Every structure is written in C-alpha cells, then in structure tokens.
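Every number here is computed from the coordinates shown, using simple stated rules; none is lab data. Source: prediction; values computed, not measured. Every residue, glycine as well, gets a Cβ built from its backbone with ideal geometry; the counts of neighbours run over all protein chains shown.
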Amino acid sequence: MTASTPPPRRAHAADDAESTTLDPVALFRGFVSLRRLTGMYPAGHPAIVSKLTEIDESVQRHLQSTPVLQLDIIHGDVHLDGVSFRQDNESQAQVVRELSDLGVDSIHIRRGVTRDELQALSEVLWQLKDAPASAPIQGRLEQRNIYHVTLGKLVPLDTRWKAQEWPDAPQGPLDPAYAESLALTEKTFDDVASGKGVNLLTVREIVELLIRKVAGSSAALGQILAVKLYENLTYCHSVNVATLSLLIGRQLGFDAAMTSALGEAALLHDIGKTRIPLDVLKKPGALDKRERKLMEAHTIYGAEILVEVAGLQPLTPTVALEHHRAVTGGGYPDFDEAKIPHLLSQIVSVADIYEAVTGARSYQEPATPEQACLVLARLAGTKLNTALVKAFVNTISFFPLGSVVRTDRDELGVVVRTIPSEPLHPVIALLGAGHRRVAGEIDTSRRGASGDYERHVVETLRPPAPLDLNEFLAAS
Ligand SMILES: [Fe+2]
C-alpha cells in the first residue's frame with residue numbers, strides 16, 4: 001500500500017477544482033451530505049442522484065489506481081490511504097465531528113463497488129443516528145448487500161462508556177439454578193475446547209435445568225434480560241441465548257419435545273467458537289477480512305463438532321450452521337441457494353442478537369433492553385422473522401424484569417413484574433440508599449382520577465454496581 005500511496009496533499013488541494021487527485025475531506029463531506037439528503041428526501045430525488053453521481057465518479061476514478069480506497073479519521077485528522085491530510089479548518093472539523101458522532105471513523109471502499117452500494121451505504125449511515133453504538137455495523141452492511149465497503153467504529157474514549165475491560169462473567173449473587181447452569185456450561189465448553197468432546201449427559205442436565213428452573217425464575221430472567229456488565233464471550237452467552245429462546249418457544253406454545261430440541265440447539269449454537277482463537281474473539285474493533293472469515297467459520301465448525309456427537313437432537317447441528325443466516329436467504333455461511341433457516345434457527349437468531357446487543361464488549365457499551373428491541377424491530381423482515389421478533393418483544397416487554405428504570409417523577413426502581421397488556425408500564429421496586437430495595441412496589445400502570453397514568457418510565461439506566469437483583473426479584 002505504501003509503495004503506491006500518493007504524497008500528502010496540500011491544505012488547499014480541496015479548493016483546486018481542476019485537481020484530479022482525490023480530496024478525502026471533500027469525499028467525507030460528500031458522504032455526510034448524501035447521508036443527510038437520504039434522510040430528508042425520498043430515494044430517487046434529484047438532489048440525491050446528483051450527489052451520488054459526484055461521489056461515485058470520484059470513488060471509481062480513485063479505484064483505478066488502487067484496489068482499496070481508505071478514508072480514516074485518526075486523532076481528528078483525515079487520512080487517505082494511510083497518509084495524513086492535514087487541513088486545519090472548521091469545515092473539516094465539522095465533517096469529522098458528524099461522523100464521529102455516528103461512531104464512524106473509517107470508510108474503506110474496495111474496487112468493484114457499485115453505485116447501488118454507495119447509495120445503500122448512505123442509508124445505513126443515516127440510520128446510525130438512532131442506533132445504539134453496539135449494533136453490529138458490518139452485519140448491517142451485508143444486509144443491504146454492501147460487500148465492497150467496510151465501516152470502522154470509534155472506540156468511545158471520550159464518553160462515560162470508556163473502553164474498558166469487563167469481567168468475563170456476571171458478578172455478584174446469581175439465581176442458584178442460573179449459577180449452576182453457567183458452571184456446568186463453562187465446563188462443557190472447556191471440555192470441547194480441550195478436545196474432550198461434548199458430554200451428552202451434562203448437556204441434557206443443563207437443558208433440563210434451563211427449562212424447569214431458569215426460564216421460570218424471575219430472578220434469573222432479570223439477570224439475563226437486563227443490561228449485562230460483563231464481557232460475555234461464549235458460555236454465558238450460550239446459557240442466556242438458550243433461556244431467551246425457551247421464552248420464545250413457550251410463547252409459541254411448543255410441546256415438551258420441541259422445547260427440549262430448542263433448548264439443546266440454542267445452548268450449543270456457538271460451540272464452534274471453541275475453535276476460534278481468543279485474540280480474534282476478543283479483538284476490540286472491526287475484524288479484518290481474514291479474521292472475519294475465521295469468525296464466520298464458527299457456524300461450520302459448530303456443525304462439524306455436533307454431527308459427530310451421537311445422541312444429540314437431530315436439529316442441533318443445523319441450528320449451529322444456520323443461526324447467522326437471514327430469513328430472506330442471506331447471511332453466512334454462504335449457501336448456493338437462498339435456503340431459509342429452520343424455525344429453531346430463526347428463534348435462536350432473535351435471542352442471539354438481543355443477547356449480544358445487551359452485553360458489554362471492550363469496545364462497545366451494552367445497549368439497554370429497549371434499544372435492543374428497536375434493533376430487533378429494524379431487522380424484522382430482513383434478517384429476522386417478524387412474527388418471532390414480535391413474540392419475543394411481547395414476552396419480555398420493553399422494560400423487562402431486572403431493568404433499572406427512572407420514572408418521570410425521578411424515582412429510580414428495578415422492574416420486578418411486567419404486565420402483558422401494559423408493556424411500557426411495569427411494576428417497579430424502588431431503589432433506596434446503598435442500592436437496597438425499598439419496601440413496597442409501585443405499579444406504573446396505575447391511572448389517576450383523570451384516567452391518565454400517574455407516572456411513566458422515561459428511561460432505562462445502567463445498573464448501579466453493586467446491585468443484588470436477587471434481593472429485588474426473589475422478593476417479588
Ligand atoms: Fe454465532
């Protein structure tokens with residue numbers, strides 16, 4: 001790359017209309033304008049068409065001389081193909097700020113990019129405005145059939161969500177059945193990672209525990225549904241996804257046999273990650289192409305591991321293989337035909353995304369449950385099955401058990417009961433001094449004499465540590 005890198009541009013190159021070299025600030029500015037136009041006008045509007053043509057022409061021209069056009073913002077400076085393009089003016093600062101606010105610090109475009117991809121990119125950039133920083137950005141691009149563009153996201157160094165090391169597992173007291181299922185699953189995954197194979201009896205024991213106890217315990221559900229302040233790599237994620245999948249199965253009226261099949265498949269859906277190196281699994285920020293291919297292979301590895309285990313439910317390897325496939329036929333692994341994933345795989349996909357988005361990563365803040373529900377809603381109909389998303393969101397409600405919320409009367413409380421007919425108005429227990437439970441509960445669905453709600457929940461907050469959810473949820 002360095003051999004073909006053009007020399008650093010002069011600060012006034014941006015104003016040189018005759019210049020044939022690419023002005024990265026102008027291109028960044030073009031993307032910012034196109035993004036705004038996309039948000040303001042319907043597709044096909046002349047303003048969009050003309051801006052898109054301008055961007056497409058300069059991108060294609062630049063890609064004649066290099067296979068990848070790399071635009072990066074590093075420490076507030078715009079870089080083109082790795083070379084700094086210093087231009088100390090307010091216009092650049094504004095462009096940089098606007099992209100930084102979206103969490104985008106790099107746009108890499110590969111040769112072969114189409115005008116349609118650039119247009120879809122502007123729509124993705126527009127949609128980032130109301131998306132949590134934690135939503136998987138690369139997945140969104142692929143969903144829109146954008147395969148020649150990579151977006152990099154900033155590590156949020158200057159927000160209260162500092163890039164940080166999170167613990168590897170939930171801290172503090174846990175529901176006993178949940179704690180037991182976590183311990184058994186950790187051992188099961190460690191055994192697979194060390195080549196000992198899948199212990200069928202333990203798997204069955206965990207699935208039973210999840211069905212009989214964990215999925216029915218409000219304390220456990222609170223610990224799984226609320227924002228999770230730990231770096232949840234595989235085994236905790238698997239227990240959580242299995243429990244959430246069981247909630248969907250229950251909502252769909254699954255019988256005992258289907259429930260067991262779902263629980264087992266969901267528990268083992270990511271077992272292929274035991275073959276992925278930890279530095280790739282835990283890498284902060286975007287994966288490069290090789291790492292992404294490796295990560296995507298966890299679906300195939302999982303199916304390979306599971307087909308070798310006699311006695312598993314027949315659909316368990318299928319779900320491991322398919323859980324990143326979209327209901328419209330896309331996603332990975334790439335099958336030749338647009339094969340629609342099995343219903344169980346579709347259920348696990350919904351639970352998987354909710355679980356991943358509400359969990360922490362070293363480079364991303366955990367999203368609140370309501371943000372995660374919005375992410376699911378946006379994916380409904382493309383990646384996810386709309387009916388399953390509805391079933392899931394109806395089951396957990398917008399402010400699920402265990403969420404720490406603030407009311408419009410400035411009361412802080414923990415959701416201890418949800419009311420199916422009142423998804424926005426749960427029952428809460430107030431948080432008192434030292435984050436202890438205050439006696440009594442408040443039903444936020446209660447209405448006053450005028451018929452209006454007495455209070456509304458206005459937001460979900462990150463739980464103040466240490467908070468003993470058992471104390472709140474077991475008591476209710
Ligand atoms: Fe996965």
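Taken about its Cα centre, the range 404-474 carries a charge dipole of roughly 100 debye when the Cβ of each Lys and Arg holds +1 and the Cβ of each Asp and Glu holds -1. Taking 7 Å steps out from each Cα toward its Cβ at A43 and Y147 produces label points 1.9 nm apart.
Taking the Cα centre of the chain as origin and assigning +1 to Lys and Arg Cβ atoms and -1 to Asp and Glu Cβ atoms, the resulting dipole is close to 220 debye.
By the helix-only formula, in which each DSSP H run with n ≥ 4 contributes -39500 (n - 2.57) and the sum is divided by residues, the chain has a 222 nm mean residue ellipticity of -13500 deg cm²/dmol. The translational diffusion coefficient of the range 233-278, from Stokes-Einstein at 20 °C and 1.002 mPa s with a Kirkwood hydrodynamic radius over alpha carbon pairs, comes to 194 µm²/s. A convex hull fitted around the alpha carbon atoms of the range 198-343 yields 132 Å³ per residue. The residues neighbouring L52, those whose beta-carbon lies less than 10 Å from its own, together hold a net charge of -2 under the Lys/Arg +1, Asp/Glu -1 convention.
Starting from the coordinates of the alpha-carbon atoms of the range 404-474, obtain the Kirkwood hydrodynamic radius over all distinct pairs and give the value in Å to one decimal.
This gives a value of 12.4 Å.
What do the square roots of 5 times the Cα gyration tensor eigenvalues come to for the chain, in whole Å, largest first, as semi-axes of the equivalent ellipsoid? List each step's numbers first, then the result.
Working: eigenvalues 343, 161, 82 Å².
Equivalent-ellipsoid dimensions as semi-axes: 41, 28, 20 Å.
The angle between the Cα long axis of helix 386-396 and the longest principal axis of the Cα atoms of the chain comes to about 50 degrees, rounded to the nearest 10. Charge tally for E422 (other residues, Cβ to Cβ under 13 Å; Lys, Arg +1; Asp, Glu -1): +2.
As a rough guide to protection, the peptides 448-458, 345-355, 365-375 ranked by mean Cβ packing within 10 Å, highest first, stand as 345-355, 365-375, 448-458.
Inverting the pair-averaged 1/r between distinct Cα atoms of the range 358-476 gives 15.3 Å as its Kirkwood hydrodynamic radius. For the chain, the longest principal axis of the C-alpha atoms and the axis of helix 200-212 are separated by about 80°. Among the listed pairs K213/K390; K282/K390; K196/K383; K187/K289; K196/K283, those with a Cα-Cα distance over 28 Å are K282/K390; K196/K383; K187/K289.
Taking only the Cα atoms of the range 296-352, how large is their convex hull per residue, in Å³?
On the way: hull volume 4.4 nm³, N = 57.
Taking only Cα atoms, the range 296-352 has a hull volume of 78 Å³ per residue.
Against the main long axis of the alpha-carbon atoms of the chain, helix 115-127 sits at an angle near 50°.
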